[in-house]
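A short worksheet on the structure shown next.
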Amino acid sequence: MKTPFVTKEQLQEITKTYPTPFHLYDERGIRANAAALKAAFAWNKGFREYFAVKATPNPYLMKLLHEYDCGCDCSSMTELMLSEACGITGEYIMFSSNDTPPEEFAEADRLGGIINLDDITHIEAVEQALGHIPETISCRFNPGGVFQMSNGIMDNPGDSKYGMTEKQLFDAFRTLKAKGAKRFGIHAFLASNTVTNEYYPKLAGILFELAVRLQQETGAKIAFINLSGGIGVPYRPEEQPNDIAVIGEGVRQQYEAILTPAGMDDVAIFTELGRYMMAPYGCLVTTAIHEKHTHKEYVGVDACAVNLMRPAMYGAYHHITVMGKENEPCDHMVDVVGSLCENNDKFAIDRMLPKIDKGDILVIHDTGAHGFSMGYNYNGKLKSAELLLCEDGSVRLIRRAETPADYFATFDCFEEFKHLSE
Ligand SMILES: *Cc1c(COP(=O)(O)O)cnc(C)c1O
């Protein structure tokens, strides 16, 4: 069973001030998880997590993670700006982008961030944008093929647009070295949302062996290996959560088996986790506002895919708790829907839930990453507020809800529409 990190009584109190829908984050859970990640990799001197900003681009949460020495993994101009605004700069920025505009390379460099090249042609692009090649530089690897784990979970790097082939990686290192680069990193993201302790150790084994060959054959000094994102969370109640201590230990064993004997025991391990850092510690809180009985049974809520796109986009499962009815039988099969004029605007399809009445508060679980941030404005829907449930039980508004003025703000250069955003 999945239990929300907030009670019905707390939500009834919160909704007196902040109307649904909103995203709520759990400070206590975020802190405990960040501390556990840090402890799991404490064996590695240079270890650093670069939080994938795209997962939850909120400065309050980024700063909270920075207390645990987390940096920021950025992939766009505004993510770089956000990171700078949080005071997170220099080598606390990893710029892991793709199809990158030149001005973004330049901005990442201005902030002192580490640039992670997605493609061999980006060497020239960076040189043009910066006028030089940075001394510290990283390259993204894509081995192609399929990536399979013993439990059958696999992903398909051969189909993904990211990274360089092995040959390109060797060529890139030689070229970068000739152009003055001195400290090198390698990066790969080969499987997403892995709910198994096996993924990172397996990926680490591949990258560590590659790093040894790269350093030996090109003479480039490998300073860090970036295992990127991909550690998943149990969206479904029957799934077992990953154990970060077991994962850290699995990576350590690979490190000692491969890097240490090669004399590379000064290599730092980096991660770029997004989902794992935040998903379970956020939820979307929404109220049931309609019911409809036609060819199927529908419950309409005041949130929609604009607030959480993953079900519509990937058919992703998000668990739902009807607050106050946790112990009632799940004997009603319903579609839980939003109000968009899109038939994929459904948070759940054929889900067995307790009888839902108008006014019931629903908690949609695990929306702390790739939730609010994927939002959009289709149908002219406005984005919700984000709230932080603090450790002392108080609630802090960490992003206000959009107003119509925000939606109309891009018309502010047209005299005849000015009144819309006032
Ligand atoms: C999205 C992304 C991440 C984070 O992925 P999660 O699945 O949220 O852990 C890390 N690195 C890069 C380059 C990404 O694009």
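For segment 76-108, chymotrypsin sites (Phe, Trp or Tyr not before Pro) are listed when DSSP marks them as loop and at most 10 other Cβ atoms sit within 10 Å of their Cβ; the list is empty. Principal-axis analysis of the Cα atoms of the chain puts helix 199-218 at an angle of about 30° to the longest axis.
Against the chain, whose longest principal axis is taken from its Cα atoms, helix 166-178 shows a tilt of about 60°.
In this structure segment 27-279 gives 39 Å² per residue of accessible area when probed at 1.4 Å with all protein chains present. Segment 293-371 and segment 34-64 have Cα centres spaced 31 Å apart. As a fraction of the 1.4 Å probe accessible area of the chain, surface on carbon and sulfur atoms comes out at 51 percent. The loop-placed chymotrypsin sites (Phe, Trp or Tyr not before Pro) in segment 106-170, going by DSSP, include none that has at most 15 neighbouring Cβ atoms within 10 Å of its Cβ. One decimal place: the segment LYS296-ASP412 gains 37.4 nm when fully extended, by the rule 0.36 nm per residue minus the C-alpha distance.
Among the trypsin sites (Lys or Arg not before Pro) within segment 142-218, those in coil by DSSP and having at most 12 neighbouring Cβ atoms inside 10 Å are LYS161. The length gained by stretching the chain between ILE206 and ASP357 to full extension, at 0.36 nm per residue less their Cα-Cα distance, is 49.1 nm. Please report the antiparallel percentage of the DSSP beta bridges confined to the chain, to the nearest 5. About 45 percent, rounded to the nearest 5. Compute the Rg to Rh ratio over segment 27-279 from the alpha carbon atoms, using the Kirkwood formula for Rh, and round to two decimal places. Value, to two decimals: 0.94.
Over all Cα atoms in the chain, the spread is summed up by Rg and Dmax: 22.9, 71 Å.
Beta bridges assigned by DSSP with both partners in segment 27-279 are antiparallel in approximately 5 percent of cases.
Compute the acute angle (0 to 90°) between the alpha-carbon long axis of helix 27-40 and the principal axis of greatest extent of the alpha-carbon atoms of the chain; round to the nearest 10°. Between helix and principal axis, roughly 20 degrees.
The length gained by stretching the chain between ASN344 and TYR376 to full extension, at 0.36 nm per residue less their Cα-Cα distance, is 10.1 nm.
The values are calculated or read from the model by the stated rules, or taken from the named source; none is laboratory data. It should be emphasised that the depicted structure is a prediction, and the values quoted were computed from it without experimental measurement. In this analysis, Cβ positions are derived from the backbone assuming ideal geometry, glycine residues included, and neighbour counts consider all displayed protein chains. Ligands, DNA and RNA are excluded from the accessible area calculation, which covers all protein heavy atoms including side chains. Shrake-Rupley method; radii C 1.70, N 1.55, O 1.52, S 1.80 Å.
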